[in-house]
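Worksheet: the structure to be examined is printed underneath.
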Amino acid sequence: MTDREAQLKALMLRGLEGDAAAWRLLLSDMGAHLRPFFRRRLFDGGADAEDLVQETLIAIHAKRATWDRHQPFTAWAFAIARHKLIDHLRRQGRRPSHPIEEAGELFADHTVEDGATRADLTRVLAHLPLRQRRLIEDVRLKGLTVAEAAERHGYSLTAAKVSIHRSMKSLNARFAPASTDGGDDED
């Protein structure tokens, strides 16, 4: 957990316990994180960024009871921000595009938003048995070879390959969008 995440989570916990000063500080700090988040994604100079910051802060306040205290706070908060952004873009009827010259920010170092991705990934992988989950994490997330992960978790190389394949197939079946054409693939 980053220092920033720990600080924001502590403020959230204190705010939930009725500490009004901690709650104000949390919302102020989140506003400072949300402004650049929205400006980078609006692609038009961020004219609507401040409105989205306010909508997100209101939603954080209104939905504070839904936050799981055992999960990262920033992941939850930025999930709300992403939903507000998507709603805004839908209302505008726009599909954002971004000049390739500015693509460098896509490869930026770790940001607070990464917590949201990690939380989503944790929820998805939680559907696997622990031993399979750890194998997937080692190979697909930590970059170990299948052989290294197999040895680490007591699998034969073949059994590890089969386990990874079946785990990924299971997750794909569970989370992949259903086909909407309802027909054959023939032309």
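The values are calculated or read from the model by the stated rules, or taken from the named source; none is laboratory data. These numbers come from a predicted model, not from an experiment. Virtual Cβ from ideal backbone geometry, glycine too; neighbours counted across all protein chains shown. Keep in mind that these areas ignore ligands, DNA and RNA; they rest on the heavy atoms of the full protein, side chains included. Shrake-Rupley method; radii C 1.70, N 1.55, O 1.52, S 1.80 Å.
For this structure, a couple of remarks:
- Some residue of the range 81-89 being in contact with a Pro (Cβ under 7 Å, 6 or more places away or on another chain) and either closer than 23 Å to L121 by Cα or at pLDDT below 90 (or both): yes
- Breaking point among (1) at pLDDT 55 or above; (2) open to solvent by 90 Å² or more (accessible area, probe 1.4 Å); (3) closer than 30 Å to F38 by Cα, for E101: (1)
- Residue match in the range 5-21 (condition: more than 16 Å from the chain's Cα centre (by Cα) and modelled with pLDDT under 90): yes
- Check on R14, in contact with a helix residue (DSSP H, G or I) (Cβ under 8 Å, 6 or more places away or on another chain) and in a helix (DSSP H, G or I): yes
- Number of the condition not met by D29 [criteria: (1) among the charged types (D, E, K, R); (2) free of Cβ contacts under 8 Å to residues at least 40 places away in the same chain; (3) farther than 19 Å from D3 by Cα; (4) open to solvent by less than 60 Å² (accessible area, probe 1.4 Å)]: (3)
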